[in-house]
Amino acid sequence: MDYDFLVIGGGSAGYAAARTAADLGLKTAVIEGGERIGGLCILRGCMPSKTLIESANRMLTLRRAAEFGLRASGLEAHAGEIVARKRRLIDGFADYRREQIESGKFDFIRGHARFTDPHHVAIHWPGEPERTLSARSFLVATGSVIHSPPVPGLAESGALTSDDALDLETLPASLAVLGAGPVALELAHYFSALGVEVTVIQRGPQLLTGTDADLAGALEAALRKRGIAIFTGTKIAEIERSGEVARIVFEHDDASRTVECAQILNALGRRPNLDGLDLDAAQVIRARGRVEASASQQTSQPHIFAAGDCCSPIEVVHIAVQQGEIAARNAARLLRGEPTSSLETIDYRLKLYVVFTEPQVATVGLSETEARERGIAVRVATYPFDDHGKSLVMGETEGFVKLIADPATGEILGGAVVGPHASDLIHEIVVGMHFRATAAQLAAIPHYHPTLSEIWTYPAEELIPAKGTC
């Protein structure tokens, strides 16, 4: 075989896996067929979107200057300059990733891979002859691509994708966002903060499908307060464009409605990027469009692993990295002839979810909805930011924190925040859950006053079980 471990995809999951495999002594290579090196997170996801959102957040702060006895006048948003700053930062991140990949710790191959059987891939690249490589084990880490569902008129409407939105140098006067997941709402927040009239149209009954209704409701109320129009529980009938105006006709509350806008953003999700990979030739099973992978990251072929958005139930980069590292370590175990009982498995108990809207939303672990669906008994306590000293001082009073605990032992099973700095606050609960802390232990930890973090002590105190059980 040419390689011990052959990685298809050079994004975050693929790079983490290759680095780990090389450190373990496996002869490793990464095959990458994208126009640029870096993967979704660096090039078109986490980093560019958060760069734009940082500008949006600063604009919102400046608009509220008078509330704090300050004066800020002549505020203007220059989308071209915002995008230029984003490009400078992303170029730096991408250059650093390219240097890491081309460091020589493993081979790096530019090309598109296609399985010809479970141990061989054909690689093609424009202007070069096709070649074949063999490997004892593989990792499929090809990520995801934008999903364009068959909505009547969507393809002909000239709708933006998230890729387009991240490079938009001229702001539209108005924007209709299709979907209400993290990407949809983060970009709705960005454009609204810069003065664009934004409408969100969501098929499901709430924002952020799958999250607890109280979190979604608090975020919806805050976004409406900012002037974002929101329609949930809709069904799009048709989309049409006439010159500079796009029209979206949809059903809402048993009536037909029409929204007119200058531009449409298709934020209806992503799908695994598996086109052209020919997984059938490798005898790798897919389920619901994704590569089917076990907790050890193995596919139906034990020597072929998968990691990241092409297989993951949770499409976030830190989990993709974790999956890639687990896959590499397990490949090394298999190649050393160790028993399958020795294989490492991923634990989604600490699954994190963050949405960088304003206010932010963050969750970890078990939600109330999941507990109810799985028949798990829990106790829940919340505390609002509008009754918390530091958030009142900051003028950030929207939202609340929530803790979910075992009713008998008090062990923290989950946590959630909708409010200021939620993406940072949630990590206190992540650490606690990592060490299986109880509500009583969290409440007993000293918290400096006044800080946002001390808000956790209030629901924690409420969840302390009866004396003698914790």
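The values are calculated or read from the model by the stated rules, or taken from the named source; none is laboratory data. Keep in mind the model is a prediction, meaning the values are calculated, not measured. Positions of Cβ are backbone-derived with ideal geometry, glycine not excepted, and every protein chain shown enters the neighbour counts.
Between a residue in the stretch 386-409 that is assigned to a helix (DSSP H, G or I) and any residue that is of a type in the set (Asp, Glu), which pairs come within a Cβ distance under 8 Å, given they are 6 or more apart or on different chains?
That search, which allows pairs on different chains as well, returns 386/398; 390/454; 392/386.
Sort out which residues of the stretch 166-199 are charged (D, E, K, R), part of a loop (DSSP other than H, G, I, E, B) and within 22 Å of residue 41 (Cβ to Cβ), and write them in order of number. If you could, list the steps in order and put the result at the bottom.
Quick first cut of the stretch 166-199, residues charged (D, E, K, R) only: 167, 169, 186, 197.
Filter once more, so that each one left must be part of a loop (DSSP other than H, G, I, E, B): 167, 169.
Matches in the stretch 166-199: 167 only.
If residue 314 satisfies every condition in (1) closer than 27 Å to residue 51 by Cβ; (2) assigned by TED's automatic domain parsing to the domain that holds residue 289; (3) modelled with pLDDT of 95 or more but one, which is the exception?
Condition (3) is where residue 314 drops out.
Please find, among 90, 31, 37, 53, the residue that is hydrophobic (A, V, I, L, M, F, W, C), assigned to a helix (DSSP H, G or I) and either within 30 Å of residue 304 (Cα to Cα) or in contact with a Pro (Cβ under 6 Å, 6 or more places away or on another chain) (or both). Can you show your working first?
Numbers: 31 fails: assigned to a helix (DSSP H, G or I); 37 fails: assigned to a helix (DSSP H, G or I); 53 fails: either within 30 Å of residue 304 (Cα to Cα) or in contact with a Pro (Cβ under 6 Å, 6 or more places away or on another chain) (or both).
Every option except 90 fails the conditions.
Specify the residue that is farthest from residue 68 (Cα to Cα); the eligible residues are those in the stretch 361-415 that are touching a Phe, Trp or Tyr at 6+ places or on another chain (Cβ under 6 Å) and β-branched (Val, Ile, Thr).
363
So is residue 384 under 14 Å from residue 215 (Cβ atoms) and surrounded by fewer than 21 Cβ atoms within 10 Å (Cβ to Cβ) or not? Spell out the reasoning first.
Working: under 14 Å from residue 215 (Cβ atoms): yes; surrounded by fewer than 21 Cβ atoms within 10 Å (Cβ to Cβ): yes.
Considered against the rule, which asks whether it is under 14 Å from residue 215 (Cβ atoms) and surrounded by fewer than 21 Cβ atoms within 10 Å (Cβ to Cβ), residue 384 comes out as yes.
So, of the residues in the stretch 33-71 that are at pLDDT below 95 and in contact with a Lys or Arg (Cβ under 8 Å, 6 or more places away or on another chain), which turns out to be surrounded by the fewest Cβ atoms within 10 Å (Cβ to Cβ)?
33
Answer yes or no as to whether residue 265 is touching a residue at least 24 places away in the same chain (Cβ under 8 Å) and under 24 Å from residue 116 (Cα atoms). Show your work before the answer.
Values: touching a residue at least 24 places away in the same chain (Cβ under 8 Å): yes; under 24 Å from residue 116 (Cα atoms): no.
Answer is no for this residue.
Is it the case that some residue within the stretch 12-21 is assigned to a loop (DSSP other than H, G, I, E, B) and farther than 13 Å from residue 107 by Cα? Working first, answer last.
To start, the set of residues in the stretch 12-21 that are assigned to a loop (DSSP other than H, G, I, E, B) comprises none.
The answer is no; no qualifying residue exists.
Please count how many residues of the stretch 281-319 are surrounded by 24 or more Cβ atoms within 10 Å (Cβ to Cβ), out of contact with any Asp or Glu (no Cβ under 7 Å at 6 or more places or on another chain) and not in a loop (DSSP other than H, G, I, E, B).
6
Can you pull out every residue in the stretch 437-465 that is β-branched (Val, Ile, Thr) and surrounded by fewer than 23 Cβ atoms within 10 Å (Cβ to Cβ)? Explain how you work it out, then say what you get.
First pass over the stretch 437-465, keeping only residues β-branched (Val, Ile, Thr): 438, 445, 451, 455, 457, 464.
Once the filter is applied, which keeps residues that are β-branched (Val, Ile, Thr) and surrounded by fewer than 23 Cβ atoms within 10 Å (Cβ to Cβ), the stretch 437-465 yields 438, 445, 451, 457, 464.
If you take the residues of the stretch 364-381 that are surrounded by fewer than 16 Cβ atoms within 10 Å (Cβ to Cβ) and of a type in the set (A, V, I, L, M), which of them is farthest from residue 408 (Cα to Cα)? Walk me through it before giving the result.
Quick first cut of the stretch 364-381, residues surrounded by fewer than 16 Cβ atoms within 10 Å (Cβ to Cβ) only: 369, 372-377.
Then drop every residue that is not of a type in the set (A, V, I, L, M), which leaves 376-377.
Values: 376: 12, 377: 9 Å.
Ranking the candidates gives 376 first.
When residues of the stretch 208-252 are filtered for being modelled with pLDDT under 95 and at positive phi, how many remain?
Matching residues across the stretch 208-252 total 2.
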